[in-house]
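Here's the structure, in structure tokens; my notes come after.
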Amino acid sequence: MGNSCSNHLGIPPAKGPNAVGCTDFMMDHTAQGSFFRLYYPCQTTEKAERPDWVPCKEYFNGLTDFMNINRTLGEKIFNYLFGSFKIPASLDAPFKSNVKCPVVIFSHGLGAFRTLYSAICAELASHGFIVASVEHRDQSASATYYFREKTESEKANKKNVPKTPGSAQEDNLVREWMYYRGLKHGEREFPLRNQQVKKRADECILALDKLIEINSGTPVQNVLQTQFDWTTLENSMDLCRIAVMGHSFGGATVIEALCKEVKFKCGVALDAWMNPLDDEIFPRVKQPIFFINSEKFQWAGNISRMKKLDSAVIQRKMITIRGTVHQSFPDFTFLTGNWIGKLMKLKGEIDPELALDLSNKATLAFLQRHLGLEKNFNQWDPLIDGQDDHLIQGTNVTFLQSAI
Ligand SMILES: CCN(CC)CCN(C[C@]12C[C@](c3ccc(C(F)(F)F)cc3)(C1)C2)C(=O)Cn1c(SCc2ccc(F)cc2)nc(=O)c2c1C=CC2
């Protein structure tokens, strides 16, 4: 019997009618520029390769730092456990849609980075969305990179090794890595996280502005050498149908981004972590919000912050998926066997694919309702109100009378 446990693991393929393409975009060499992974409906091409789930080892280094585990040990474990996984999408496949696509900007959680939510982003793309999964440079990502010019000595001591194809533009550039910044000893959390959530929202807005520019047909620079033809995205996006979505810290980023940018017509916050937000912005958010929570992560203080966004006139919905944990939303939940996954809190009691399927369908129904899509996602409307055996309407968190 072959090593069966290794081949059933992997990020589940998207379920929608479109094949999914995936490519990377970095607007300029600086840490202030926009950096995101794009998922989009593509032409079916069997020859296309699948992108690596974790693009380079520095991301695993960052993850070990974030998890406070020894780097050499951690890097080996992560490489061994997760080094070979591919994303269920075709790298740089030609864009294909004969209709304008609605747009979603996705914001990752603390210690994550742009590639770790591919099951969610690819699923949306398979249903006709263009999804930009932002990589934040606020030092909340486990790792991210940008570029700097080579110094004279670096240029000099570079033996004239043959150039690798397509790296021409990066030739006199060196990757500069930015790793996760933990709290310093005695540092108060709120000021840092509040500053970060504001930068994260600005990065979501900048990513949207770049997509709008690309959609207009203006030639846009991509400093990454990819085989994707960005001009094919001219006039591909429905700029009246734009949403913002995110997990945990990325859920807080959803609220901040909605407050700052009215182009975002609604938001979907997956297991939002509300700490980084100023309460005073809540009355200023005017768009519909959908809170999709795990059963284990939430607590009274966090839920009561979400409830401050309740409104009689703006649709605010909340559901909780039974048997889920915080990590039921990122891709890791699919990438280990059951007992390791439960041990490392990457899996809850519920089957991970069922959990994410419920989350994705409820998301699609909410997006159809508030972006005015003419699809059949309204078939999943009951999920928005928690009408399913595996869902709870609202929250499972109990409120002690005094805590209210
Ligand atoms: C001890 C470290 N300590 C750091 C402050 C707490 C670490 N932690 C719990 C973790 C992330 C965990 C994780 C990842 C990945 C494996 C792996 F083995 F599968 F790789 C295992 C175990 C470790 C579960 C969280 O921070 C939870 N969390 C997250 S987790 C987002 C994430 C991060 C890395 C990923 F690879 C995938 C997803 N995003 C947030 O926005 C917020 C929180 C908490 C509040 C706000």
Open item on the list: What's the ranking of 366-379, 63-76, 16-29 by average number of surrounding C-beta atoms within 10 Å, highest first?
Closed with: 16-29, 366-379, 63-76
TODO: Please give the solvent-accessible surface of residue 299 in Å², to the nearest 10, using a probe radius of 1.4 Å with every protein chain present.
DONE: 90
- [ ] Could you provide, to the nearest whole Å², the per residue accessible area of the chain with probe 1.4 Å?
- [x] 44
Task: Simple label model, 7 Å out from Cα along Cβ direction - residue 100 to residue 213, nm - done: 2.1
Task: Exposure rank, largest accessible area first [177, 339; 1.4 Å] - done: 339, 177
Task: √(5λ) per eigenvalue of the Cα gyration tensor, the chain, largest first, Å - done: 32, 25, 23
TODO: Enumerate the helices in the chain for which the Kyte-Doolittle hydropathy averages -0.5 or more and the C-alpha atoms extend at least 18 Å along the helix's axis, using complete DSSP H runs.
DONE: 189-215, 352-371
Open item on the list: Can you give me the convex hull volume of the Cα atoms of region 49-107, divided per residue and expressed in Å³?
Closed with: 101
Task: Convex hull volume per residue in cubic angstrom - Cα atoms of region 341-401 - done: 123
TODO: On the protein heavy atoms, probe 1.4 angstrom, tell me the percent of accessible surface of the chain carried by carbon and sulfur.
DONE: 53
TODO: Would you list which aspartates and glutamates come within 19 Å of residue 150, measuring only between C-alpha atoms, while excluding same-chain residues fewer than 8 positions from it?
DONE: 28, 170, 171, 176
TODO: Choose one of 332, 67, 358: the residue whose Cα lies farthest towards the positive end of the charge dipole of the chain (beta-carbon charges +1 Lys, Arg; -1 Asp, Glu; about the Cα centre).
DONE: 67
Open item on the list: Nearest 5 percent is fine: what portion of the DSSP beta bridges confined to the chain is antiparallel?
Closed with: 45
Open item on the list: Can you tally the net charge around residue 98? Count Lys and Arg as +1, Asp and Glu as -1, for every other residue whose Cβ sits under 15 Å from the Cβ of residue 98.
Closed with: 0
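The values are calculated or read from the model by the stated rules, or taken from the named source; none is laboratory data. Owing to the predicted nature of the structure, the values given are computational and were not obtained by experimental measurement. Here the Cβ is made from the backbone with ideal geometry for all residues, glycine too, and neighbour counts use every protein chain on show. Accessible surface areas use protein heavy atoms only, side chains included; no ligands, DNA or RNA. Shrake-Rupley method; radii C 1.70, N 1.55, O 1.52, S 1.80 Å.
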